[in-house]
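The values are calculated or read from the model by the stated rules, or taken from the named source; none is laboratory data. A quick note: this is a predicted structure, and the numbers were derived from the prediction, not measured. Positions of Cβ are backbone-derived with ideal geometry, glycine not excepted, and every protein chain shown enters the neighbour counts. Remember, those area values only see protein heavy atoms, side chains included, never the ligands or the DNA or RNA. Shrake-Rupley method; radii C 1.70, N 1.55, O 1.52, S 1.80 Å.
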Amino acid sequence: MPRRDKTNYYLDLAEMVCQRSTCLRRHYGAVIVNNDEVVSTGYNGAPRGRVNCTDRGVCMRDELHVPRGERYEICRSVHAEANAIISASRERMIGGSLYLCGIDPATGGYVEHANSCSMCKRLIINAGLAKVYSRDDKDHYRVIDVQRDWVENDETLNGEFNY
């Protein structure tokens, strides 16, 4: 069996982490890596101590027919990227990378065009992360250069929000 390349290795870890998700709508896992060391991980789910959607058996956004990328304020989950960031010190994240994988629990397939929401993008920028790798399928991914793609090309200035 050929040796797995490092990018897909870290994306495989993010995919494993997303199995802890307590969201009914999407399972996301995030892994922060710096200097070839895993700094932290995170998955999407309700804040500590609150009832998870998997325990409730209902997703409020699904009940209200909210499209992907809208009305995050009514979602019970803390996003995977945010959970990974709050579990690490900024000092360990500066210049590092975040690996993101999303799974659709309804199909078991990868979330098409998985991307960080506007709030998570801001957190990633302020955490000092340099790159985001987002899995498209088992062997393919997209690379986001945080400075170029999210800072210099600030979507909030041109109204072109990419979810």
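Rounded, prolate or oblate: which fits segment 17-82 when a ≥ b ≥ c are the square roots of the eigenvalues of the alpha-carbon gyration tensor, with rounded for a/c under 1.5 and prolate only if a/b beats b/c?
Cα axes put segment 17-82 in the prolate bin.
Could you give the nm distance between label points at ARG122 and VAL38, where each point is 7 Å from its Cα heading toward the beta carbon?
3.0 nm
With the radius of gyration and the Kirkwood radius both derived from the Cα set of segment 71-163, what is their ratio Rg to Rh?
Across segment 71-163, the Cα-based Rg/Rh ratio is 0.96.
Output needed for the chain: three equivalent-ellipsoid semi-axes, defined as square roots of 5 times the C-alpha gyration tensor eigenvalues, in descending order, whole Å.
In descending order the semi-axes read 23, 19, 16 Å.
Could you compute how much accessible surface ARG90 exposes when probed at 1.4 Å, giving the result in Å² to the nearest 10?
Solvent-accessible area, nearest 10 Å²: 130 Å².
Sort largest first and round to whole Å: the equivalent ellipsoid semi-axes of segment 1-50, each the square root of five times a Cα gyration tensor eigenvalue.
The three semi-axes for segment 1-50 are 24, 13, 6 Å.
Work out the P(r) tail for segment 65-119: percent of alpha carbon pairs separated by more than 16 Å, whole number.
Cα-Cα pairs in segment 65-119 separated by more than 16 Å: 56 percent.
Find the relative contact order for segment 36-111 and round it to a whole percent, using C-alpha pairs within less than 8 Å whose residues are 6+ positions apart.
37 percent
When the accessible area of the chain is computed with all protein chains present and a 1.4 Å probe, what percentage of it is carbon and sulfur?
Roughly 49 percent of what the probe reaches on the chain is carbon or sulfur.
Measuring with a 1.4 Å probe in the full set of protein chains, what accessible area per residue, in whole Å², belongs to the chain?
57 Å²
Go ahead and estimate [θ] at 222 nm for the chain from helices alone: -39,500 (n - 2.57) per DSSP H run with n ≥ 4, summed, over the residue count, rounded to 500.
Mean residue ellipticity, 222 nm, calculated: -6500 deg cm²/dmol.
Mind checking which aspartates and glutamates have their Cα closer than 12 Å to the Cα of LYS6? Skip sequence neighbours fewer than 8 apart in that chain.
Within reach: ASP36, GLU37, ASP139.
Check the straight Cα-Cα distances from LYS121 and name the lysines below 17 Å, setting aside those fewer than 8 residues away within the same chain.
Result set, ordered by chain and number: LYS131.
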